[in-house]
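Notes to accompany the following structure.
The values are calculated or read from the model by the stated rules, or taken from the named source; none is laboratory data. Everything numeric in this text was worked out from a predicted model, so none of it was measured. Methodologically, a virtual Cβ is constructed for each residue, glycine included, from the backbone with ideal geometry; neighbour enumeration extends over all protein chains shown. The accessibility values were calculated without ligands, DNA or RNA, using every heavy atom of the protein model including side chains. Shrake-Rupley method; radii C 1.70, N 1.55, O 1.52, S 1.80 Å.
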Amino acid sequence: MWAFGRVSGLVSMVLLTASVLLGILARSGRPLLVIPRFSVTLLHRNISLLAVVFLVLHVAPLLLDSYARVNVVDVVVPFLGSYKPFWQGLGTVALDLVAAVVLTGVFRHRLGPRTFRTVHWLSYAMWPLALAHSVGNGTDGTSAPVVAAAVVLCVAVLAAAAWRMSAGFLETAAVRRSGGNARKGWGRP
Amino acid sequence: MSADTAVAVGSGGNARTAASRLFAAGANAGHAAHLAAYGAMPHRGRGWSLVQELEASGLTGRGGAGFPAWRKFAAADLARRPNRYARRSGGPVLIANGAEGEPLSFKDATLLRNAPHLVIDGLLAAAQALGAGSLFIYAGADEQAAVGAALAERGDAGHIALVEAPDAFVAGQASAVVNFLETGRALPRDLAGRLAESGLKGRPTLIHNVETWAHIALVACYGAGWYRSAGTAEDPGTRLVSVTGDVPSELVLEVPGGSVLEDVLSSAGVRVGGVGSDAVSAVLVGGYHGRWVRPAGMVLSAGVGAVGSVRSGVIVRPGAGVLHVLGAGRCGLAATAGMVQYLAGESARQCGPCMFGLPALADVMTRLAAGTGGTGLVREVERLAALVSGRGACHHPDGTVQLIHSALETFADDVRWHLAGQCNADQDPAVQGVSGQGPADPAGQGVAGQYPAGVAQ
Amino acid sequence: MSPIGPAARLHIDWTRCDGRGLCAELLPEALTRDDWGYPLAAPGRVRSGADKSNVPVTGAELAAAMDAVKLCPLLALRITRP
Ligand code: SF4
Ligand code: SF4
């Protein structure tokens, strides 16, 4: 049980990272080599849902495990746990954020693009929290392979985030940049 | 334009017979003067229907599109019945749209300042006919005082809300007005259906230009038969036009429907048919979203009717009622390029093809006007025009394309010169612009049959 | 386009669309992309200016059009009646 919870946690971390990377790629409007844009979007969605499945597999066993001493309240409310409350609390916050992002994603057609986008931005807060939780909370978080993996994930996401903020991020950026300047002052502020 | 306008004719007459229908109560008319000229709104019996009367009158919208006014009316009338909002929140919404984003137009401002009570009468008559509860007048900053005073001065208009429109070209688009009233942002919206069916907060919403409301008041007051006693069968009644550009003075005229363009120009003091530097080269009819024409033989009419049934001449739709005169010696392409630049800057930048396409069009038009650039420019203009037209939430791209197409057509000779690297206008294109100097307009100069509600600048 | 006319129309809300091009991939016959990446009705597909924002789709394309509605990242698409 304890071991299973650890492994599924690490797998969700990898999947969440993949989801963040694919999300950024989808936002750029570019296809992935031969994979068309709509498949990138579908991949982003499906990998996220898979990450959720592994998160359930990660959290549920800990509830059942007497050694881990995690109860239902700890799963939702952060920083109450008895074992490393701070690091576990980070995981709880990340889990809550994942729940918000996934639910608004599923119901985005009903919520409208504004709510969806605002909540979806929380993914960028969720990811570092989840990573910190993986390293700080895990019993083998400081072991060499886990640290090495964490560094790789970190570099990948930081690179993607840097690309996201660069001027040439959008596929159509170059041709659009020639457009005029934004007009300011529409109606009441 | 704007500043202190004063109506020069028609003071204190009886509106039924006065030369000017809309300004019959004189300049800056208060409620007393208004009542003296127009009388009180008559009480109508059961069989009388404003919608039917409007249909019979043939009144068209004066905001630009020129659709028959009764259609929106009938749609709002239909929509209010099964609509669940109707009972809950007081029926349809009526909006008088006085936002003249169009920089060449000032007839709505002139109307609101001089005859606000006519607009109010139109709203009240429609509110009675439709059982409407929410009434708005949406007007620019400079008209707030006049309209506010008019609303305060009468006892029956307390429920009309006066809203200040932001000064932006697309702020007067119908969906932008509704959006502004709902959210405070005057940006056009993607429309699923018609505003008359589902507009402000889902309620049936009837939005007309302020001049249209004034005409509605006249129809409600005197009936369709009287209304048709001016104008032609295809374009009944009168309309306001703003005359600007190379004219002795910029002014607003009230002209009957189906007027000959050259007659209107000459009643504005423009020498038509002349030669030399003060001759008229072309006229932009309808404003920045309108079209360029050579004035000879043109007839201003909103309705086309059967071919030949209108006086001999080519019909040009008056759109928002702007007549912008381009004197000989001015380059029409340079003037158009400047307008397209302006229009590109006024894109609300919500819709991609408009946001990127209009600056691209402005760029190509500027190169064409400057006489730099190869022979492929015209084809590039056509290609870009096809890319932007019909691909926006509002008509801004379409209006811009209409302006450009008419320029390429009307100034076809100039296009050839420019492609060869020359401009045959004898003036530096850099000094294009509105010139409105000259003696104040002697308002009585109008030709017979015109009603110069001449408004000096 | 079949002679009996379109099965439905794909409405593009230009105020939302950001030209990411998913719809053009899903409906290659109906949509291409313009200079800036925004969906453009394929040549010969539209008859009037108004159709440019309400692109006709055939019965065979309807499923793909619905996918596009579901997948559009900005919820800019909607199926409307022909
Ligand atoms: S078409 Fe242009 S002006 Fe109209 S809403 Fe779209 S971006 Fe704004
Ligand atoms: S998928 Fe949506 S955002 Fe992307 S181009 Fe099509 S309509 Fe626009």
Checklist outcome for this item: Of the residues in the stretch C:47-62 that are within 12 Å of the chain's Cα centre (by Cα) and open to solvent by 20 Å² or more (accessible area, probe 1.4 Å), the one that is nearest to ligand 1 (Cβ to nearest atom) is C:LYS52
Checklist outcome for this item: Considering residues that are within 11 Å of ligand 2 (Cβ to nearest atom) and touching an Asp or Glu at 6+ places or on another chain (Cβ under 7 Å), the number found within the stretch C:25-77 is 6
Next on the checklist: Suppose we filter the stretch B:182-199 for residues that are aliphatic (A, V, I, L, M) and surrounded by 21 or more Cβ atoms within 10 Å (Cβ to Cβ); how many remain?
Outcome noted: 4
Checklist entry - Going by the conditions given, is B:THR410 modelled with pLDDT of 85 or more and either open to solvent by 20 Å² or more (accessible area, probe 1.4 Å) or on the phi > 0 side of the Ramachandran plot (or both)? => result yes
Checklist outcome for this item: So, first residue facing chain A (nearest Cβ under 7 Å) in the stretch C:21-44, second residue open to solvent by less than 10 Å² (accessible area, probe 1.4 Å) and assigned to a helix (DSSP H, G or I), Cβ within less than 7 Å, six or more apart or across chains; the pairs are C:LEU22/C:ALA68; C:LEU26/C:ALA68; C:TRP36/B:GLY352
Checklist entry - Any idea which of B:ALA430, B:ALA453, B:ALA448 is more than 22 Å from B:ARG294 (Cα to Cα), outside any helix (DSSP H, G or I), modelled with pLDDT under 50 and open to solvent by 50 Å² or more (accessible area, probe 1.4 Å)? => result B:ALA448
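Among the residues of the stretch B:156-202, how many are among the hydroxyl-bearing types (Ser, Thr, Tyr) and either under 17 Å from B:ALA76 (Cβ atoms) or more than 11 Å from every other protein chain (Cβ to nearest Cβ) (or both)?
Of the residues in that region, 2 qualify.
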Next on the checklist: Among the residues in the stretch B:132-146, are any out of contact with any Asp or Glu (no Cβ under 9 Å at 6 or more places or on another chain), open to solvent by less than 40 Å² (accessible area, probe 1.4 Å) and within 14 Å of chain C (Cβ to nearest Cβ)?
Outcome noted: no
Next on the checklist: Looking at B:ALA334 and the list (1) touching a Pro at 6+ places or on another chain (Cβ under 9 Å); (2) within 16 Å of ligand 1 (Cβ to nearest atom), which single condition is not satisfied?
Outcome noted: (2)
Checklist entry - Can you find a residue in the stretch A:21-30 that is buried (at least 18 other Cβ atoms within 10 Å of the Cβ) and charged (D, E, K, R)? => result yes
Item to check | Among residues of the stretch B:345-375, those that are more than 14 Å from chain C (Cβ to nearest Cβ) and touching a helix residue (DSSP H, G or I) at 6+ places or on another chain (Cβ under 7 Å), counted | outcome: 10
Item to check | Selection within the stretch B:305-363 - within 16 Å of ligand 2 (Cβ to nearest atom), at pLDDT 90 or above and touching a Leu at 6+ places or on another chain (Cβ under 8 Å) | outcome: B:PRO353, B:GLY357
Next on the checklist: Step by step: first the residues of the stretch C:45-71, then only those that are β-branched (Val, Ile, Thr) and under 24 Å from A:THR172 (Cα atoms), then the one that is farthest from the other protein chains (Cβ to nearest Cβ). Which residue is that?
Outcome noted: C:VAL55
Item to check | Selection from the stretch B:355-387 of residues that are open to solvent by 10 Å² or more (accessible area, probe 1.4 Å) and within 16 Å of ligand 1 (Cβ to nearest atom) | outcome: B:MET355, B:PHE356, B:PRO359, B:ALA360, B:ALA386, B:LEU387
Next on the checklist: If a residue counts only when it is within 16 Å of ligand 1 (Cβ to nearest atom) and at pLDDT 85 or above, which strands (runs of 3 or more DSSP E) contained entirely in the stretch C:1-46 have at least 1 such residues?
Outcome noted: C:8-12, C:39-41
Checklist entry - Can you pull out the residues in the stretch A:34-83 that are of a type in the set (Ser, Thr, Tyr), open to solvent by less than 50 Å² (accessible area, probe 1.4 Å) and over 20 Å from A:THR104 (Cβ atoms)? => result A:SER39
Item to check | Enumeration of residues in the stretch B:388-398 that are facing another protein chain (nearest Cβ under 8 Å) and open to solvent by less than 30 Å² (accessible area, probe 1.4 Å) | outcome: B:SER389, B:GLY390, B:ARG391, B:GLY392, B:ALA393
Next on the checklist: Just to be sure before I move on: is B:VAL147 outside any strand (DSSP E or B) and within 16 Å of ligand 1 (Cβ to nearest atom) in the structure I sent?
Outcome noted: no
Checklist entry - Which helices (runs of 4 or more DSSP H) sit wholly inside the stretch B:1-96 and have at least 1 residues that are modelled with pLDDT of 80 or more and open to solvent by 30 Å² or more (accessible area, probe 1.4 Å)? => result B:31-38, B:50-57, B:69-80
Item to check | Hey, B:LEU218 surrounded by 24 or more Cβ atoms within 10 Å (Cβ to Cβ) and assigned by TED's automatic domain parsing to the domain that holds B:GLY63 or not | outcome: yes
Next on the checklist: Step by step: first the residues of the stretch A:84-112, then only those that are over 30 Å from C:LEU77 (Cα atoms) and open to solvent by 80 Å² or more (accessible area, probe 1.4 Å), then the one that is farthest from the chain's Cα centre (by Cα). Which residue is that?
Outcome noted: A:PHE86
